[in-house]
Amino acid sequence: MNVKRFTGAVAALLAFAAAAGAQAQGTHTVLTIHADQPVHSVSPTLYGLMTEEINHAYEGGLYAELVSNESFHADWSGVRDWYLVQNGNSSASMDVDTTTGPSAAITHSLKLTVTRADAGDRAGVLNTGYWGMAVRPQTTYQGSLWAKADSPAMSALRISLVSNQTGTRLATATVSGLTTAWQKLSFTLRTGQIEASSANTLHVTVAHAGTVWLSEASLFPPTYDNRANGNRVDLMKMLGAMHPAFLRLPGGNYLEGNSIKERFNWQKTIGPRVDRPGHESPWGYWSSDHFGLLEFLDWCEDLHMQPVLAVYAGYSLNGEHVTPGPNLEPYVQSALDEIEYVTGGTDTKWGAVRAEDGHPAPFQLKYVEVGNEDEFDHSGSYNDRFGQFFKGIKAKYPDLQLIATAPVTSARPDVIDDHFYVRAAKFFDDATHYDKTDRSGPKIFVGEWATREGTPTPNFDAALGDAAWMTGLERNSDIVIMASYAPLLTNVNPGAMQWAPDLIGYDALHSYGSPSYYAQAMFSNHIGNEVPASSVEGAGARFFYSITGNATDKRLYLKLVNASSDAQPLEVKFDGASLTGTGELITLSAKSTQATNSIEEPRNIVPVEKPLHGVANTWRHEMPAYSIQVVEVDLR
């Protein structure tokens, strides 16, 4: 998530400048659309998603797991998010035991030593979740944990969801059969007619003195499409409403890690959860890797997105890099194996592993990105590293489109990844950025971009900047084939966020879309497959537009942005179009650039839709101050 930009070469499309002229906002603006003169097609993959493990985007976010620190890692204060339960006269202590764990990957565990407990006065541990644990009425929760005891006399564990405020057990299950050997124990919790709340904890208790070891605790609410090890329903619905065409995974700095050792090592993120050791993420907290490569791919499948797979290319954030040549070859081979895991049939080595992991059918893959933000590798090694990856991948997968993250000369990339993090004023000034791009060069993926105003999520000035920028992406969607806002997600609790602003905010129980989220959804949900010729006269400096059309659906889509505090009178001339007179107007607006949405006021700024009638070939319209509009016009 580093601020930067790549500049393009000089080319055409000056006629489609979004901010033509320097006249004062509020003057009469004439927009002429030549509907029968298509200039170029629109990329079918223009709008998509970029995400990484930042701001607790997965753990404590999209990933529906309710238990935090499932593998019982400790810090200076103790075992993070786990605390002793000592009811009545019971007595117990807990610590991390580094001598025993349930697998070769998880070699430590929580050791619970109970010196006194009985059926009336139980002892054990509780988990606080990710800034709370959301519990809803009439809901079934599926859980599991790995456990063993020093004696069969320990017999059983009681698992309960408990209200923090009342101490009431909201749901309870008893897990029997505890032995002296590690085993996975599963349970089900079902709540009754209770009030939805996040002020709850998960309790694991015993009624007998002795020692119990615990590991890999888990509790899931119902997930999107009821997928095992799946995602939060509310967040998936919000993402699905954007109709994204792709997902860039595993995303950004999370791919690189702070060091080579802490990179996203895909082979350690697949298979049963108990076989995933986890690693330190670059944003200062532990990643269990329970949301791993297959979970990313399942996410793509659930939302009908195509994966854009980023492979580790031998550079990490602390400056470590792998020298091109023999030292880099194992990383090239790892990328080839990863591609085979994604796309290979069950007759291939890694395709067979994917089938064992529960997904026999291969995933479709078109784009592979080599590294992330490699211009920050001051060793200058990316040119040759990219060339080595390009040669190795193209030799086995010649049809894959390879994306470079910095300018290279060792091979001609199919696509280059540009990143932009700026203020709204900069996007207003630069909305014509790609109008001048050389059309003979590589295609462009704007893999990370955002207007950086507002916290924890964007304010309306940011939404205006984003919308202005998107008009430029649409006008140039012959060369800009993909674009994705970043970061996508943030847990809004204090201590959860490392970067602001972020498109969607949430806590344990609630979620909301920012004004920029609604701008994104408006643009991605109302787009044609070609860009018709157009021109504008008399536009103010903060008026922006783009036009797309679909001859098959007989529809034109006008994207209009008024970033001024004055209303914008507009005259639209539809040339070469036969109109039905009907359409739809969608408006996102605010009274102030600082207005926004929040957990407390999630729908302060939302799109307002209304039907249009009497739309003629010359149509007069006035845009409100500080507004983003989509106009759908029906054609005969």
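Take residue 51 and decide whether it is crowded, with 16+ Cβ neighbours inside 10 Å, in contact with a strand residue (DSSP E or B) (Cβ under 9 Å, 6 or more places away or on another chain) and at pLDDT below 95.
yes
Taking the condition of being closer than 18 Å to residue 124 by Cβ and either exposed (fewer than 11 other Cβ atoms within 10 Å of the Cβ) or under 34 Å from the mean Cα position of the chain (by Cα) (or both), how many residues in segment 153-171 meet it?
Number of matching residues: 10.
What's the number of the only condition in (1) in contact (Cβ under 8 Å) with a residue 12 or more places away in the chain; (2) within 33 Å of the chain's Cα centre (by Cα) that residue 540 fails to meet?
Residue 540 satisfies all of (1) in contact (Cβ under 8 Å) with a residue 12 or more places away in the chain; (2) within 33 Å of the chain's Cα centre (by Cα) except (2).
Looking at segment 256-272, is at least one residue touching a residue at least 40 places away in the same chain (Cβ under 8 Å) and under 25 Å from residue 508 (Cα atoms)?
Scanning segment 256-272, I find no residue that is touching a residue at least 40 places away in the same chain (Cβ under 8 Å) and under 25 Å from residue 508 (Cα atoms), so the answer is no.
Please count how many residues of segment 60-117 are part of a strand (DSSP E or B), within 16 Å of residue 207 (Cβ to Cβ) and of a type outside the set (S, T, N, Q).
Qualifying residue count for the region: 6.
Can you name every residue in segment 420-459 that is crowded, with 21+ Cβ neighbours inside 10 Å, among the hydroxyl-bearing types (Ser, Thr, Tyr) and under 25 Å from residue 589 (Cβ atoms)?
Within segment 420-459, 451, 457 meet the criteria.
Could you pull out the residue among 545, 626 that is in the same structural domain as residue 34 (by TED's automatic domain parsing), at positive phi and within 28 Å of the chain's Cα centre (by Cα)?
Among 545, 626, only 626 is in the same structural domain as residue 34 (by TED's automatic domain parsing), at positive phi and within 28 Å of the chain's Cα centre (by Cα).
Name, by its number, the condition in (1) in a strand (DSSP E or B); (2) more than 25 Å from residue 104 (Cα to Cα) that does not hold for residue 148.
It fails just one condition, (2).
Taking residue 380 as meeting all but one of (1) in contact (Cβ under 8 Å) with a residue 60 or more places away in the chain; (2) not in a helix (DSSP H, G or I), write down the number of the exception.
(1)
Which of the residues belonging to segment 190-240 are among the aliphatic types (A, V, I, L, M), out of contact with any Gly (no Cβ under 8 Å at 6 or more places or on another chain), more than 30 Å from residue 101 (Cα to Cα) and outside the structural domain of residue 510 (by TED's automatic domain parsing)?
194, 196
Go through (1) modelled with pLDDT under 95; (2) under 30 Å from residue 511 (Cβ atoms) one by one and return the number of the condition residue 559 breaks.
Tallying (1) modelled with pLDDT under 95; (2) under 30 Å from residue 511 (Cβ atoms), residue 559 fails exactly one: (1).
Residues that are among the basic types (Lys, Arg): find the strands (runs of 3 or more DSSP E) completely inside segment 180-264 holding 2 or more of those.
Per the criteria, 183-190.
So which residues in segment 474-497 are closer than 21 Å to residue 526 by Cβ and within 20 Å of the chain's Cα centre (by Cα), if there are any at all?
Correct list: 481, 482, 483, 484, 485, 488.
For segment 503-537, give me each residue that is part of a strand (DSSP E or B), more than 15 Å from the chain's Cα centre (by Cα) and closer than 14 Å to residue 463 by Cα.
none
The values are calculated or read from the model by the stated rules, or taken from the named source; none is laboratory data. Values in this document were obtained by computation on a predicted structure and should not be read as measured data. Cβ: placed from backbone, ideal geometry, glycine included. Neighbour counts: every protein chain shown.
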